[in-house]
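Chemist: What follows is a structure written as structure tokens; I'll ask about it next.
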Amino acid sequence: MTEDSYADWEAVYNDNVDRVYRMMFAKVGNRPDAEDLTAEVFVTALRPLQLSASVGEVRAYLSATVRTVLAAYWRRTLGREITRLDEDWALTESVTDAGDSGAAARAEAILAELPERYRRILQLRFIGSCSLKEAATELGVTVGNAKVLQHRALRQAAVVAERMEV
């Protein structure tokens, strides 16, 4: 890799994969989805991306692709777009799935503030990595009801998290 551009596709991937994965993990909160979405970003970017582009242009393009892939994910998952990303998303923030005790404590505090059914659907889906169908079965509801519960729980969790930041 020269200072201005990447030598090959492997260099593009190696230089950016950790950054993209950290961003996806921070936004979706679980390893399997973060890995899938990271792969989707690179597959999506591969065809239109030019190796002759500068490192900065490649990173900017990958950043835009992250937003697009994340928007599609949230649209599929929740039925609406949630794409607010900080511009310097991965340059300063390091997120690992090995467990940040501060993040885990914050997540537990947020869950503790939620009604039992909301807390349970989020625990099943994001901590237990259950599918919607599995979570619905566990809760004794339909898959459609589980989707609605998850959506409402995520919205309520966002309100709780925002209140905690103030």
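Only the coordinates and a few stated rules stand behind these numbers; no lab work does. Everything quoted here is computed from the prediction, not taken from an experiment. As a convention, Cβ positions derive from the backbone with ideal geometry for all residues, glycine included, and neighbour counts pool all protein chains shown.
Chemist: Peptides 119-128, 40-49, 156-165: what's the order by average Cβ count within 10 Å, highest mean first?
Modeler: Per-residue mean Cβ counts within 10 Å order the peptides as 119-128, 40-49, 156-165.
Chemist: What full-extension length gain, to one decimal in nm, is calculated for residue 116 and residue 148 as 0.36 nm per residue of separation minus the Cα-Cα distance?
Modeler: Separation in residues times 0.36 nm, less the Cα-Cα distance, equals 10.0 nm.
Chemist: While we're on this one: Based on the Cβ-Cβ distance of residue 51 and residue 30, what FRET efficiency does E = 1/(1 + (r/R0)^6) give at R0 = 25 Å, to the nearest 0.05?
Modeler: Taking R0 as 25 Å, the efficiency between residue 51 and residue 30 is 0.15.
Chemist: Work out, step by step, the length gained on full extension between residue 71 and residue 39: first 0.36 nm times the residue separation, then minus their alpha carbon distance; give nm to one decimal.
Modeler: 10.0 nm
Chemist: Okay, moving on. Run the simple label-point estimate for residue 17 and residue 64 please: 7 Å along Cα→C-beta, distance reported in nm.
Modeler: 2.5 nm
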